[in-house]
Amino acid sequence: MKRGVTYIILFVYITLLSACGVYSFTGASVSPEVKTVSIDYFPNKAPLIQATLSQTFTDALKDKFISEANLDLMPDNGDLQLSGTIIGYSTKPIAIKGNETAALNRLTITIKVKFINTVDETQNFESSFSRFEDYDSSRDLASVEDVLIGLINEQIVIDIFNRAIINW
């Protein structure tokens, strides 16, 4: 009997927390007035262009905001608006071994983001986000590129989401 009462109280508590519209289990604190988000396509303006990076990044960012902030995606004029440009995509050797060759290479992606919150303009920002992944220098970039891009995109998307929604 006590177990059933405990479950009911827990269910009611969770329901009340999620119904308030400000708290979610992802840590996202979206104001109840914010209902929509618009995310522009992020063109690749980096000196080195990777053909699918713009689309995969833009899609990952949209997925994050839709799934974790429970916002409706609008083509433009959302309550929250994200736009920007991929400004860096580079690979360079790191961890030089004794024979002057690299043990590892590093792929780095940098994205410039403009965030507008039409409900609370104090949350607006323009910032660059950069992340990297290392890979063994014996591997050709083309053979690991898709995996590395996925990992880096995920990290940058989390950084942008945290800055925009969680204010972290």
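The values are calculated or read from the model by the stated rules, or taken from the named source; none is laboratory data. Since the model is a prediction, treat every value here as computed from it, not as a measurement. Virtual Cβ from ideal backbone geometry, glycine too; neighbours counted across all protein chains shown.
Some observations on this one:
- Pairing residues of segment 70-95 that are crowded, with 20+ Cβ neighbours inside 10 Å with residues that are among the basic types (Lys, Arg) and in a loop (DSSP other than H, G, I, E, B), at Cβ distances under 8 Å and at least 6 apart in sequence or on separate chains, gives Leu71/Lys35; Asp79/Lys35; Ile86/Lys45.
- The residues in segment 117-163 that are aromatic (Phe, Trp, Tyr) and assigned to a helix (DSSP H, G or I) can be counted, and the count is 1.
- Within segment 136-149, considering residues that are surrounded by 14 or more Cβ atoms within 10 Å (Cβ to Cβ) and at pLDDT 95 or above, the one farthest from Gly84 (Cα to Cα): Val144
- Comparison of Ile86, Ile166, Ile94 shows that the only residue that is modelled with pLDDT of 95 or more and either aliphatic (A, V, I, L, M) or more than 12 Å from the chain's Cα centre (by Cα) (or both) is Ile86.
- Any hit, segment 71-81, residues being of a type in the set (A, V, I, L, M), in contact with a Gly (Cβ under 8 Å, 6 or more places away or on another chain) and within 17 Å of Ile158 (Cα to Cα): yes
- A single entry from Asn105, Asn117, Asn44, Asn77 fulfils the requirement of being out of contact with any His (no Cβ under 8 Å at 6 or more places or on another chain) and under 16 Å from Arg163 (Cβ atoms): Asn117.
- Subset of segment 96-124 [within 25 Å of Ala46 (Cα to Cα) and free of Cβ contacts under 8 Å to residues at least 24 places away in the same chain]: Asn124
- Selection within segment 150-168 - more than 19 Å from Ser38 (Cα to Cα) and either of a type in the set (Lys, Arg) or crowded, with 17+ Cβ neighbours inside 10 Å (or both): Ile152
- Breaking point among (1) surrounded by fewer than 17 Cβ atoms within 10 Å (Cβ to Cβ); (2) hydrophobic (A, V, I, L, M, F, W, C); (3) closer than 15 Å to Leu53 by Cα; (4) touching an Asp or Glu at 6+ places or on another chain (Cβ under 7 Å), for Val119: (3)
So that you can scan it fast, the table gives a plain yes or no per residue for (1) at pLDDT 95 or above; (2) among the charged types (D, E, K, R); (3) more than 24 Å from the chain's Cα centre (by Cα); (4) within 27 Å of Asp146 (Cβ to Cβ):
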site	(1), (2), (3), (4)
Phe11	no, no, yes, no
Thr15	no, no, yes, no
Ser24	no, no, no, no
Gly27	no, no, no, no
Val37	yes, no, no, yes
Thr56	yes, no, no, yes
Leu73	yes, no, no, yes
Ser90	yes, no, no, yes
Thr110	yes, no, no, yes
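- Annotation: of all residues in segment 39-54 being over 17 Å from the mean Cα position of the chain (by Cα) and surrounded by 15 or more Cβ atoms within 10 Å (Cβ to Cβ), the one that is farthest from Asn124 (Cα to Cα) is Gln50.
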